[in-house]
Amino acid sequence: MNTTEPYYITESKRICKVAGMDPNEVSRPKTFLSEVAFEQKRKSYSEILSVVSFFSNKLLDSLKGTPILVVVSDAAGYLLEIEGDETIKSTIEQFGIKPGSLFIQEETGTNVISLTLQQRHPISLIGEQHYHTFLQEIACYGTTFNYTDDNDLLGSVCIMMPIQFQNELFLSMLAQSVDSIERELLLRKQNKKLNIMNQIMLSRTRNGIVITDEKGITTEFNNFAQMISKNSRESVVGRNILESHLTGRYFKEVLESGKIFKNEEIKFEDDAGNLVVCLFDAQPIYEDDKMIGAFGQFRDISDRYTLQEQYNYLAFHDDLTNLPNRRYMNKEIESIIKELSTGHHKTLALLYIDLDRFKIINDNFSHSYGDKLLIEVSTRLSGCLGENEMLARMGGDEFIFLLQDFTDTDYVTAKAEEILQLLLQPFLVDGKELYTTASIGVAIYPDYPITMEQLMVYADNAMYQAKSQGKNRYVVHTSELLDAMLDDYMLEVDLRRALEKNEFVLHYQPQINNETGQLIGFEALIRWQHPTLGQIPPDKFIKLAEENGMITQIGEWVIDEACTQNKKWQDAGMIPVKVSVNLSTQQFLTRNLITYMEEVLERTGINPAYVVVEITEYMAMEYEYSIHVLEQLKALGIGISIDDFGTGYSSLNYLKNFPIDYIKIDKSFVSEIMNNEQDAVIIKAIISLAHNLHKEVIAEGVETKEQLEFLKTHQCDISQGYFFSKPLPVDEIERIYLEQ
């Protein structure tokens, strides 16, 4: 889905760019309060910070298990308090982000604190919305807090977390907490203006007030105290408050030692059995330095408390299926592992379930059908829960079974088999029969200690292995499976260094005009020349690059290298031809694709008419985004090709409306045209359709003269494949074509 970032974020990033900030360099705060000035600042904010800390701690408690940091600043942007996840805190301290530092856009670029103070309304700043890349792995939410009676800006409260934990619910929770903070700050501000006589004007306050004499005898009990407690004034006045089971112990300490209580949470049930939750303050009353009694104040926060409980529920449950969520399940597993570590004899296993081909249902029937299917799946899975078992939705189409206290491992595999059988029957969604199967990864807690994270990784790895083996099956994690995963991990480590070590090379496969037999272009294909493993095929490392997020960097290198090499050939006298490069899905969806293409064209000096980008049918599924990007590429003069046509889910509407130049017939059709009549019919239909839409057709994977003759007969425009040449390195291309 194409989303537009708020104008103020775009403007902030523009200002950073104009100011010459390097987005790849860490921009540290440059202004810090001295130790004395910082202490003075905190002292002046002491009461405000106590209120903010109270509610921010409640927010942190409600999100326990999520790595989250709460940052409080004053109105100018000086950081006054940083609380929460110690790992995140220590990380940001390395960048100079600590209490006393000044966070302003001019010094630290686009950041949630500056924008929040500038906009004075709740905002989110997530991932690439940050100007500096070192901040693009976090999600931030922030809002200001004020004295609401005069709209006097006091500062900001912001939360930050790793980007994978982002959730717009956090912004609502933060806004609710700040609303509570502002109410409390306003109340305290108003209370400061009251003297003892104003405090005794009980009928004008919306809080429950209790006043006693120096012996604890209740002398006043106002209307709101009656409403909150459901006790009449007559039943309370004249009685010793120390006898109260709710507040007696607080008043005892007030009267005996002058202690002051603030924001004590008190819960009780009224006569109707409803839960009442109050914040309770108590303090002594003095006259000429002599204690003459005690003052107590109740603030009914029952509605707020109920809302907080609802937030707590949402924080630990999936709002679509009402199943426990990932956070809840992680907490439960950690608790069981803790029991195991203390010597309890328990068994524990995880079944990690991923629905097969769920994306096809979403893409073909809409996300609403997908959501309804997930609800049906969760209901069916819940039906096979046994004693001491738990089911959670981990996100998307992933579920997890937690099994414990089973007698042997056969029970675990039998449960996995039961789940597979459960999903074989179709699901009826809005009158349509939908089918899905599952890939299940099984991880059984071993007889030696491991962490929750390790157990989850074992289950996840086994699930992916089940997918790779053909889906609709389960795989049990073993040490051998772990070794294979470790091999992939080591290869991934090498992959991260391959770019900087110049280990990638491009090979070029010729594309031939079927009518003239002349060379009209090359397809650039990447190869990885590993220093110890030799040449690694793309189908091995491209998948790794997509999983670890490196595919965009690698794709950009391919574009730059192919354009540079083509320009060199042209300058050396080769007849100019087109070079096509493949775009990955991630690269196509990257917001700076057009900017990058413009930079490459300018830097290499190549005519865009000799550059073709290849996209897959899958990329075209995001119609509005795709047509916008393709039109921009076309405006640059770049050619566009749909790769592997016929294997995806293209709509004819795409072909009609998209500015496509070429349609490439997938080699799986070409390889069977002489043996499979259906494939031959499909190829003829594709050629006819493309020509009617004024687009050229490229057949890939041409390996025999018979295939070529068939394609020529049916007016296919261009061919490439081993019949002409395998992909060749640069020196071979130059030997064959440059010399000609």
Completion exercise
Within the stretch 585-628, the count of residues that are open to solvent by less than 50 Å² (accessible area, probe 1.4 Å), modelled with pLDDT of 90 or more and more than 21 Å from Met550 (Cα to Cα) comes to 8
Exercise for the section: Could you look through the stretch 331-364, keep only residues that are of a type in the set (S, T, N, Q) and assigned to a helix (DSSP H, G or I), and pick out the one that is surrounded by the most Cβ atoms within 10 Å (Cβ to Cβ)? Expected result: Asn362
Handout entry: Enumeration of residues in the stretch 365-385 that are part of a loop (DSSP other than H, G, I, E, B) and touching a residue at least 24 places away in the same chain (Cβ under 8 Å)
Key = Gly383, Cys384
Completion exercise
Of the residues in the stretch 625-639, those that are in contact (Cβ under 8 Å) with a residue 40 or more places away in the chain and outside any helix (DSSP H, G or I) number 2
Problem - Scope the stretch 374-391; condition more than 26 Å from the chain's Cα centre (by Cα), farther than 21 Å from Tyr435 by Cβ and open to solvent by less than 70 Å² (accessible area, probe 1.4 Å); matching residues - result: Leu385, Gly386, Glu389
Problem - Selection from the stretch 136-166 of residues that are in contact with a Phe, Trp or Tyr (Cβ under 9 Å, 6 or more places away or on another chain) and farther than 30 Å from Leu187 by Cβ - result: Ala139, Met161, Gln166
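Quick grid of which residues meet (1) of a type in the set (A, V, I, L, M); (2) within 17 Å of Ile126 (Cα to Cα):
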position	(1), (2)
Pro6	no, yes
Ser12	no, yes
Leu33	yes, no
Lys43	no, no
Practice task
Within the stretch 67-106, count every residue that is open to solvent by 10 Å² or more (accessible area, probe 1.4 Å) and either touching a strand residue (DSSP E or B) at 6+ places or on another chain (Cβ under 9 Å) or over 29 Å from Tyr7 (Cα atoms) (or both).
Solution key: 24
Handout entry: Leading residue by the ranking (least open to solvent (accessible area, probe 1.4 Å)) among those in the stretch 502-535 that are part of a loop (DSSP other than H, G, I, E, B) and modelled with pLDDT of 90 or more
Key = Asn514
Handout entry: Long-range neighbours under 8 Å by Cβ, at least six apart or interchain, first residue at positive phi within the stretch 69-82, second outside any strand (DSSP E or B) and open to solvent by less than 10 Å² (accessible area, probe 1.4 Å)
Key = Gly77/Ile113
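To keep it simple, each residue is scored yes or no on (1) closer than 28 Å to Gln632 by Cα; (2) assigned to a loop (DSSP other than H, G, I, E, B).
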| site | (1), (2) |
| --- | --- |
| Ile660 | yes, yes |
| Ser668 | no, no |
| Ile673 | no, yes |
| Asp679 | no, no |
| Ala685 | no, no |
| Ser688 | yes, no |
| His691 | yes, no |
| Val697 | yes, no |
Fill in the blank from the handout: Residues in the stretch 70-95 that are in a loop (DSSP other than H, G, I, E, B) and in contact with a Phe, Trp or Tyr (Cβ under 8 Å, 6 or more places away or on another chain) total 2
Practice task
Determine, yes or no, whether Leu33 is at pLDDT below 85 and either of a type outside the set (S, T, N, Q) or crowded, with 17+ Cβ neighbours inside 10 Å (or both).
Solution key: no
Practice task
Can you work out which of the residues in the stretch 709-740 that are part of a helix (DSSP H, G or I), in contact (Cβ under 8 Å) with a residue 12 or more places away in the chain and over 23 Å from Ala524 (Cβ atoms) is least open to solvent (accessible area, probe 1.4 Å)?
Solution key: Phe710
Problem - Residue check for Glu703: open to solvent by 40 Å² or more (accessible area, probe 1.4 Å), of a type in the set (Asp, Glu) and under 42 Å from the mean Cα position of the chain (by Cα) - result: no
Practice task
Check Ile400 against each of (1) crowded, with 18+ Cβ neighbours inside 10 Å; (2) part of a helix (DSSP H, G or I) and name the one condition it does not meet.
Solution key: (2)
Practice task
Could you check the stretch 410-451 for strands (runs of 3 or more DSSP E) lying wholly inside it with 2 or more residues that are over 15 Å from Arg473 (Cα atoms)?
Solution key: 427-429, 432-434
Handout entry: Considering residues of the stretch 205-233 that are among the hydroxyl-bearing types (Ser, Thr, Tyr) and in contact with an Asp or Glu (Cβ under 9 Å, 6 or more places away or on another chain) only, the residue surrounded by the most Cβ atoms within 10 Å (Cβ to Cβ)
Key = Thr212
Practice task
Take Val26 and decide whether it is over 25 Å from His121 (Cβ atoms), open to solvent by 80 Å² or more (accessible area, probe 1.4 Å) and β-branched (Val, Ile, Thr).
Solution key: no
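The values are calculated or read from the model by the stated rules, or taken from the named source; none is laboratory data. Just so we're clear, the structure is a prediction, and the values are computed from it rather than from any experiment. Because the Cβ atoms are built from the backbone with ideal geometry, glycine has one as well, and the counts that use them run over all protein chains shown. Just so you know, the surface numbers come from the protein's heavy atoms only, side chains and all, with ligands and any DNA or RNA stripped out. Shrake-Rupley method; radii C 1.70, N 1.55, O 1.52, S 1.80 Å.
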